[in-house]
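Working notes, structure below.
The values are calculated or read from the model by the stated rules, or taken from the named source; none is laboratory data. Here the structure is a predicted model, which is why all the values come from computation and not from measurement. We place every Cβ from the backbone using ideal geometry, glycine too, and count neighbours over all the protein chains shown. Note: accessible area is taken over every heavy atom of the protein model, side chains too, but ligands, DNA and RNA are not part of it. Shrake-Rupley method; radii C 1.70, N 1.55, O 1.52, S 1.80 Å.
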Amino acid sequence: GKFHGFYWSPDAERISDLTKVIDSKSERKQPYLVDIWNASGISGAARLVRDALLNAGFNVVEWGNYSVRQEKTTITNMTSEVDPSGIIQSRIGCGQIINRFESNRNVDFTIIIGNDFKESYLLKDSK
């Protein structure tokens, strides 16, 4: 753009280019990588969450028991994207989302299942 007297006149062509960049959403070519840890004391909770997330298109690379009990479920998002953590939260029915970008990571999300988890929360239907 450029100044015209006391006001700024935007460059329509450059605004159009910028709008295309902002509006474009790059499609992720690989599924998100997730690890799941059961800190709830509910036997099989990590497997249940794993199955729900696999059905939602996530790639669960590791799951098992956590070393100590946790009161609250946490979903740690290590990507720069926000949407997938909300999808995870809606699939498992609980969880505090913690956004912590890490460029050197083995997984995109870490889920620690806490005592607030209930099997009935799981969204088990199709993607």
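Which numbered condition trips up Tyr66, out of (1) of a type outside the set (A, V, I, L, M); (2) in contact with an Asp or Glu (Cβ under 9 Å, 6 or more places away or on another chain); (3) on the phi < 0 side of the Ramachandran plot?
(2)
Applying the selection to the range 44-65, what residues are open to solvent by less than 30 Å² (accessible area, probe 1.4 Å) and either acidic (Asp, Glu) or not in a loop (DSSP other than H, G, I, E, B) (or both)?
From the range 44-65, those open to solvent by less than 30 Å² (accessible area, probe 1.4 Å) are 44-46, 49, 52-53, 56, 58, 60, 64; that's our starting set.
Of everything in the range 44-65, those that are open to solvent by less than 30 Å² (accessible area, probe 1.4 Å) and either acidic (Asp, Glu) or not in a loop (DSSP other than H, G, I, E, B) (or both) turn out to be Ala45, Ala46, Val49, Ala52, Leu53, Val60, Gly64.
Return a yes/no flag: does the range 26-35 have any residue that is more than 30 Å from Trp63 (Cβ to Cβ) and modelled with pLDDT under 75.
Step one: of the range 26-35, the residues more than 30 Å from Trp63 (Cβ to Cβ) are none.
No, every residue in the range 26-35 fails to be more than 30 Å from Trp63 (Cβ to Cβ) and modelled with pLDDT under 75.
Starting from residues that are closer than 14 Å to Val49 by Cβ and free of Cβ contacts under 8 Å to residues at least 24 places away in the same chain, keep the ones in the range 66-101 and report whichever is least open to solvent (accessible area, probe 1.4 Å).
Filtering the range 66-101 for residues that are closer than 14 Å to Val49 by Cβ and free of Cβ contacts under 8 Å to residues at least 24 places away in the same chain, the one least open to solvent (accessible area, probe 1.4 Å) comes out as Gly95.
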